[in-house]
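Q: Quick one: structure below, then a few questions.
The values are calculated or read from the model by the stated rules, or taken from the named source; none is laboratory data. Model, not experiment: these values are computed from the prediction. We place every Cβ from the backbone using ideal geometry, glycine too, and count neighbours over all the protein chains shown.
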Number of protein chains: 2
Amino acid sequence: MIRRRILTLLLIVGLLPLIASATGGETTPVSIHSLAPTFFWMAVLLMAAKVSGLIERFGQPAVLGELLIGVALGNLHLFGITIIDAVKENELLQFLAELGVVILLFQIGLESNIQQMLRVGPRALLVATVGVVVPFALGAALVGPLILPGLSNNAYLFLGAALTATSVGITARVFRDIGKLQSPEARIVLGAAVIDDVIGLIILAVVSAIATEGSVGLASVTLITAKALIFLIGAILLGYCIAPHLGRLFAKIHSGTGMKLTLAISLGLLFAAAAQWIGLAPIVGAFAAGLVFDPVHFRHFKDPEIVTDVRKAIENLHSKEREGILHALERHSHRHVEELIEPLGHFLVPLFFLMIGLKVELALLAQPAILLVALVITVAAFAGKIVSGLVAGKVRKSIVGWGMVPRGEVGLIFASMGLALGVISKDVFSVIVIMVILTTLFTPPVLTLLLRRHD
Amino acid sequence: MIRRRILTLLLIVGLLPLIASATGGETTPVSIHSLAPTFFWMAVLLMAAKVSGLIERFGQPAVLGELLIGVALGNLHLFGITIIDAVKENELLQFLAELGVVILLFQIGLESNIQQMLRVGPRALLVATVGVVVPFALGAALVGPLILPGLSNNAYLFLGAALTATSVGITARVFRDIGKLQSPEARIVLGAAVIDDVIGLIILAVVSAIATEGSVGLASVTLITAKALIFLIGAILLGYCIAPHLGRLFAKIHSGTGMKLTLAISLGLLFAAAAQWIGLAPIVGAFAAGLVFDPVHFRHFKDPEIVTDVRKAIENLHSKEREGILHALERHSHRHVEELIEPLGHFLVPLFFLMIGLKVELALLAQPAILLVALVITVAAFAGKIVSGLVAGKVRKSIVGWGMVPRGEVGLIFASMGLALGVISKDVFSVIVIMVILTTLFTPPVLTLLLRRHD
């Protein structure tokens, strides 16, 4: 019954592109530049992203579903359906996707926490460093030049860089789903993944500057690394100094939900713009803005309406009975900014992953050489991270190593930026996306197995 | 103390454009097409919109503040500051603004309710009809041609049409702020305002089709009116038939918050695209989609997390004590879709009003002729609506009449669409925006006075 309904649904979603082509696609009688196709495709992509969430039934993270459905839609032309090809070039959708990745990194920053990052200590730092250095070396200096001879130095740099960053989201999701989020292995992996993200963002700043400026001198690498570090630390310090004042100031004007959200997003966007102006990727700024933000800056703002309502309703209860309810409220009041931004994330973030999937050319994999490259790079990606588990100390090393395997957002950001800058070709781009898909595809089952075997 | 802080704040916001010009504005070293300026201006406009919320301190609605600060920023060039002029032409911001107005009409549709609209009965319909016909006739056939001789017929049509639509939002806000939302006058005004919106959207469909096709024959007017009505009714019927099934179907895939939001927005966007494809404005479709949506379609979805949490926390309470809390929860559970879309609205809707304000040329008002026209049109706008109060039956007619005065969203949509289609000139556009600002500016204090005099 359920199965039949889902089938009907997939049919409907599958038919939408045909309906679009039948109704004319680009032409429209009313407006000067019609937004109808863009609105239509936004709706189709958003629904497709959510339908792809079915993949969670098979223990896979939603982001994988979004990538895969993107790849599927993007390669419909192999079956003669070309209607979706206009989407790949739609600048407005591309803009929304890029806005989405800024929001995503802002969210990741919000969920991360500097104190926490400092606390996980040297163990996580060690794992993170090995987990960055080994894959980078493998990609940029060994496997890359070996199996893809004749590319530019910049292409090898991007390939190596794309192999470095562990996906916090995917890893955390697997540990959480299995109920092992508090295990020592999980703590090390999550700490290392966050450090990885930061190192990854610095590498991103370095390699994209190298790619645009063309130089690979040690002096300029040092300069850019310094700039990225100074920006991150400076943004964090500046943020810590001004955020509380801004929070208080703006709460004076209006202490409602809208103001809270606007303040958070505006700072995220300002930091993103600032990062780009000094030559870093916008997402570096968005992440820094998220890190800086702390619920405490919003204590001058009103609580969410529902919290106020329930609080009023429990006024007459005895203190003991109120405690549990107040605890539930407290948690939501504390997480309110994250919850406010979530709808924006739901709206914009899937577009980013879909648009990446759309650009993967499956036809390239029909060439045995490229398929082989994808597999070798994927093996390097696995090996590079599993090795990092060896320095994890007295824990189950295999779990730490496998926990570090999933690449995700940052790896894909490297790939799409490399493509946009013209540093890597469509081939290498597709290879990287395939690598990300495979690491994300195999890790959850293996990790689940390893974790359960222990029990 | 508060005053000084607000001053500091205004200074900061005022300085941002200068900072932007100092940091180079358009140039950037990293990306191929840099999004930094767009991100920067989004942040500035959003913050400016929220700072303009200070106007609520003076009993004025926030939308007026957004318009006014838009006008202020858009005319900074009068003081030699030209940095903001690039914003007026920024296509990405324009796109977000248009997405914003689609979201807004979807929200208005969500808050409206067909049963409610049918119930307010013939009284409201009568008031609404008079309140549309009189201002339209005044603008299109009398005052327009009289004081603005020599324009095209289409320009007069747009001018008249822009005078028709009462702003539900502003009117409802005034009644609610004074605690008179349940008075008979309020019921009639709100009913009439909703009917006005629908009539306004049909007029919009008709006049924009006339403007693009160039014909004003009775046959084509009838055709377009029929098309608009059939679309509205058809969309509503279709929606009522498929929405419950879609809700159940998608809830099977994933019953979380993200799915709920995606489903709602996707249908809003699909209806918007459909409306434009058959020759209506996208907002007509968005409004219809909002009307169709009903919380009952989401009963298969999970409650918001906080509702579940609190429900668990009160499990052990006595039924009497639980009742009040459950009531508070029920309300939020019921309004959950509206609350989920609110953050998107906070993010996108102010951009629409700011972008409209930005396009007003204050320099035009330095010409006595245009200033005079703006004032005469404004007087016609007041008169046309106050007259409609006379048919309101046995209630205080002046309150109904004044309650109908504020123009808002729909009037501005007429103006910006007329400008985009090239039907009205910058002069007439500015005149309409000034009219909207003045009706919105004067009504709240007058209405407050009238309502309080009765007490």
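Q: Please give the number of the condition B:Val360 fails out of (1) outside any helix (DSSP H, G or I); (2) within 12 Å of chain A (Cβ to nearest Cβ).
A: Evaluating B:Val360 over (1) outside any helix (DSSP H, G or I); (2) within 12 Å of chain A (Cβ to nearest Cβ) leaves (2) as the failure.
Q: Sort out which residues of the stretch A:72-106 are of a type in the set (S, T, N, Q) and more than 13 Å from every other protein chain (Cβ to nearest Cβ), and write them in order of number.
A: As a first pass, look at the stretch A:72-106 and keep what is of a type in the set (S, T, N, Q): A:75, A:82, A:90, A:94.
Within the stretch A:72-106, A:Asn75, A:Thr82 qualify.
Q: Among the residues of the stretch A:59-70, write down those that are among the hydrophobic types (A, V, I, L, M, F, W, C) and under 17 Å from A:Ala172 (Cα atoms). Give the derivation first.
A: The first filter runs over the stretch A:59-70 and keeps only residues among the hydrophobic types (A, V, I, L, M, F, W, C), leaving A:62-64, A:67-69.
Within the stretch A:59-70, A:Ala62, A:Val63, A:Leu64 meet the criteria.
Residues are listed down the side, and each one gets a yes or a no for (1) in contact with a Ser or Thr (Cβ under 6 Å, 6 or more places away or on another chain); (2) crowded, with 24+ Cβ neighbours inside 10 Å; (3) under 17 Å from A:Phe136 (Cβ atoms); (4) modelled with pLDDT of 85 or more:
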residue	(1), (2), (3), (4)
A:Gly393	no, no, no, no
A:Ser398	no, no, no, yes
A:Gly403	yes, yes, no, yes
A:Phe414	no, yes, yes, no
A:Lys426	no, no, no, yes
A:Ile432	no, yes, yes, yes
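Q: Does A:Asn75 count as touching an Asp or Glu at 6+ places or on another chain (Cβ under 8 Å), polar (S, T, N, Q) and touching a residue at least 24 places away in the same chain (Cβ under 8 Å)? Break it down stepwise before answering.
A: Details: touching an Asp or Glu at 6+ places or on another chain (Cβ under 8 Å): yes; polar (S, T, N, Q): yes; touching a residue at least 24 places away in the same chain (Cβ under 8 Å): yes.
Here the answer is yes, as A:Asn75 does meet what is asked.
Q: Okay, next question. In this structure, is B:Gly408 touching a residue at least 24 places away in the same chain (Cβ under 8 Å) and not aliphatic (A, V, I, L, M)?
A: On the way: touching a residue at least 24 places away in the same chain (Cβ under 8 Å): yes; not aliphatic (A, V, I, L, M): yes.
Yes, satisfied.
Q: Let me ask another. Can you tell me how many residues in the stretch A:34-51 are touching a residue at least 40 places away in the same chain (Cβ under 8 Å), at the interface with another protein chain (Cβ under 7 Å from one of its Cβ atoms) and either more than 18 Å from B:Ile283 (Cα to Cα) or touching a strand residue (DSSP E or B) at 6+ places or on another chain (Cβ under 6 Å) (or both)?
A: Number satisfying all stated conditions: 3.
Q: So, in the stretch B:220-251, how many residues would count as being without any contact (Cβ under 8 Å) to a residue 12 or more places away in the chain and not aliphatic (A, V, I, L, M)?
A: 5
Q: Return yes or no: is B:Ser255 more than 9 Å from every other protein chain (Cβ to nearest Cβ), among the hydroxyl-bearing types (Ser, Thr, Tyr) and within 21 Å of A:Ala48 (Cβ to Cβ)? Give the derivation first.
A: Working: more than 9 Å from every other protein chain (Cβ to nearest Cβ): yes; among the hydroxyl-bearing types (Ser, Thr, Tyr): yes; within 21 Å of A:Ala48 (Cβ to Cβ): yes.
Yes; evaluated as a whole, the condition is true for this residue.
Q: Which one of these is under 21 Å from A:Leu99 (Cβ atoms) and more than 10 Å from every other protein chain (Cβ to nearest Cβ): A:Gly247, A:Gly290? Give the steps one after another, and end with the answer.
A: On the way: A:Gly247 fails: under 21 Å from A:Leu99 (Cβ atoms).
Going through A:Gly247, A:Gly290 in turn, just one is under 21 Å from A:Leu99 (Cβ atoms) and more than 10 Å from every other protein chain (Cβ to nearest Cβ): A:Gly290.
Q: A further question follows. What is the residue count in the stretch B:438-455 for residues that are modelled with pLDDT under 85 and either acidic (Asp, Glu) or under 23 Å from B:Ile199 (Cα atoms) (or both)?
A: 3
Q: Do any helices (runs of 4 or more DSSP H) entirely within the stretch A:38-146 hold 3 or more residues that are of a type in the set (Asp, Glu) and either over 16 Å from the mean Cα position of the chain (by Cα) or in the same structural domain as A:Ile424 (by TED's automatic domain parsing) (or both), and if so, which?
A: A:91-111
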